[in-house]
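Quick notes on the structure that follows.
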Amino acid sequence: MTNWIGDVFRSDVGWDHLEELVDIGNRMAGSDGEREAAELTRDALESAGARNARLDSFDVQGWTRGESSIAAGDRTQECIALPRSPSERVAAPLVDLGYGLPAEFEERDLEGAIVMVRSDIPAYHGRYIHRREKYYRAVENGAVGFVYRNHVEGCLPPTGSVGTDEQPIGEIPAVGVSSEVGARLARRFDGDEIELAVEAAIHAARSQNVHAELGPDTDERVLVTSHVDAHDIAEGASDNGAGTAMLVEIATALADREAALETRVEFVAYGAEEVGLVGSSHHAESTDRETIVAIVNNDGVVSDRTLSLTTHGFDELEAAANDVAERYDHPIETIPKLGPHSDHWPFVRRGVPGYHVKSTSDDVGRGWGHTFADTLEKLEPRTLREQAILLTDLVVTLTREDATVEHRDPEGIATGLEEQGLAEGMRVTGDWPDDA
C-alpha cells in the first residue's frame, strides 16, 4: 500500500490534465472545445492503462453567446446572458425580489415585470434554492425578464443555465449581473422601466460522454464520474476541470492496483452537465442501472483540502467513507441528505446508490464557480493528490464482493425529497423523479 500512495503523492498526471483542460478555452456543451476536452480525457484514461476508452455521442441543444445588455436610466449596466436564455429584447419595470424565496414571489405582483433575485439565500432558510427554481417561479408569476445577481463581491456576473429537459430554451430572457451592478440596479431603478436584451444563436449540436474501464470483466460495476464541459466565460478549473483531473488521477492509481479490484470500475466523463445534466441523463436512461454498485461523482473537488461526500441516505456509502477516513486518520465530511444537482442525480433519483464528491465549504453557492474567476491558480496540486489517495481507496473498497449497497425504490427517494422540503422546488424546475 505504501508504494502506491507515494506514487500518487508524487504524480503530476491529474494536474497536467487539468492544465490541458483549462488551456482549451471554451468547453461549452456542444462546442469544439468540449469535444477536444473529451478526446483529451479519453486519451488520458487510455494512457493511464484503462481499456476500451471511447466516446459516446448524443444530440444536445446548442447555444452560443452573443451580446447582452441592460439599459437603465442613461446608462448601460454590464451583464452576461444565462445559457439557454432565448434571444429577445424586453422593456418592463424592474422588481428587486431580494433572495427570491418562494413566499417573496407570492407577495409581489410580477406580471409584466423584470425580476431580479440574489444568488444566495438567508442563513435561516432551511434549504438551498437553485437558480433555475427562482427563474421558473418568475416565469410562473408572469415575469417577462430575469436578472440573477451574484452575492459574491468582485464585479463578477454569474452564469448558469435555464431551461428544462422538455423545453431546453428558457421562456424569458435571463442575464447575470455582479453583486455591485445588482446593488446599483436595486438602489436606483427598482420600480422603474429598464430594457433587457439578450442575443444568442440557438442551433443543433452534438456532445459526448467519455467511457473507459479497469478491473475484472464483471457485470457489476462501480462508476467513477465527472463532467468535462464548463461555462464559456472562464477556464472552468474548479467546475469541473478538477473533477475530471481527479478521474484521471484515480484511474492512474487504480491501474497500478488493478489486482485489488474485485468488480469492474467504469470511468465516465460526462458532457453537457452545465445545461441540464444531459450527458449523465443519456447514460442513465441507456444503461443497465441494476448492475451499478454505486456512482462516485466528482464535481467540486480540490477547492478545499477536506472532502465532502453527500451520501443521499445510503448508510453503506456513509460507512465506507468513514472507514477510509479512519484508516488514513484524515477527515472526510459526510452529508446523509439528498443532493439533486450534478451528474449523480439521474442515477440516484432512480434508486442507484451514489456519492456527490466535493470539498467542504462554509459559503453558500459556488463561490468563484460560474464566474470569470474560476481559474487554475486558486487550486493546489497537493490537494488533488491527497484527495486522490482517499478516493482511490474508497473505490477499491466499493469493488469488494462483500461491499453490498442496497438500491432504493424511486418512491423512497421521492419521499426523502418531500421530507427535506426539496420536492416543491424540483417540481417547479421539472426535476421531480417522474418514475417515482
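Some notes on this structure:
- Among the residues making up region 249-277, those that are within 18 Å of Glu213 (Cβ to Cβ), among the charged types (D, E, K, R) and part of a loop (DSSP other than H, G, I, E, B) are Arg257, Glu262.
- Matching residues, region 384-436, being among the acidic types (Asp, Glu), part of a helix (DSSP H, G or I) and touching a helix residue (DSSP H, G or I) at 6+ places or on another chain (Cβ under 6 Å): Asp393
- Evaluation of Tyr128 against (1) closer than 17 Å to Asp190 by Cα; (2) modelled with pLDDT under 95 (one fails), failing number: (1)
- The test for being of a type in the set (A, V, I, L, M), modelled with pLDDT under 95 and open to solvent by 30 Å² or more (accessible area, probe 1.4 Å) holds for Ala259.
- Put simply, of Asp409, Asp393, Asp402 the only residue that is charged (D, E, K, R) and either over 29 Å from Thr263 (Cα atoms) or open to solvent by less than 30 Å² (accessible area, probe 1.4 Å) (or both) is Asp393.
- Checked against the criterion of being of a type in the set (Asp, Glu) and modelled with pLDDT of 95 or more, the candidates Asp374, Asp431 yield just one match: Asp374.
- Selected residue (criterion: surrounded by the most Cβ atoms within 10 Å (Cβ to Cβ)) from residues of region 313-332 that are over 10 Å from Leu394 (Cβ atoms) and in contact with a Ser or Thr (Cβ under 8 Å, 6 or more places away or on another chain): Glu318
- The condition (being touching a Pro at 6+ places or on another chain (Cβ under 9 Å), touching a residue at least 24 places away in the same chain (Cβ under 8 Å) and of a type in the set (Ser, Thr, Tyr)) is satisfied by just one residue among Ser238, Ser280: Ser280.
- Counting the residues of region 390-428 that are aliphatic (A, V, I, L, M) and at pLDDT 90 or above gives 10.
- Residue count, region 190-220 (criterion: surrounded by 22 or more Cβ atoms within 10 Å (Cβ to Cβ) and of a type outside the set (A, V, I, L, M)): 4
Conditions (1) closer than 24 Å to Ile233 by Cβ; (2) surrounded by fewer than 21 Cβ atoms within 10 Å (Cβ to Cβ); (3) not aromatic (Phe, Trp, Tyr), marked per residue:
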| site | (1), (2), (3) |
| --- | --- |
| Ala91 | no, yes, yes |
| Leu94 | yes, no, yes |
| Tyr128 | yes, yes, no |
| Gly145 | yes, no, yes |
| Glu153 | yes, yes, yes |
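- Condition met for Ala319 (among the small types (Gly, Ala, Ser) and under 21 Å from Ala251 (Cβ atoms)): no
- Scan region 96-126 for residues that are assigned to a helix (DSSP H, G or I) and open to solvent by 40 Å² or more (accessible area, probe 1.4 Å) and the total you get is 4.
- Scanning region 410-433 turns up at least one residue that is more than 25 Å from His125 (Cα to Cα) and either of a type outside the set (Asp, Glu) or within 20 Å of the chain's Cα centre (by Cα) (or both).
- Qualifying positions in region 159-179 - in contact with a Ser or Thr (Cβ under 7 Å, 6 or more places away or on another chain), β-branched (Val, Ile, Thr) and in a strand (DSSP E or B): Val175
- Selection count, region 278-292, where residues are outside any helix (DSSP H, G or I) and in contact with a helix residue (DSSP H, G or I) (Cβ under 6 Å, 6 or more places away or on another chain): 0
The values are calculated or read from the model by the stated rules, or taken from the named source; none is laboratory data. Just so we're clear, the structure is a prediction, and the values are computed from it rather than from any experiment. Ideal geometry is used to build each Cβ from the backbone, glycine not excepted, and the neighbour counts take in all protein chains shown. The area values use the complete protein model at the heavy-atom level, side chains included, leaving out ligands, DNA and RNA. Shrake-Rupley method; radii C 1.70, N 1.55, O 1.52, S 1.80 Å.
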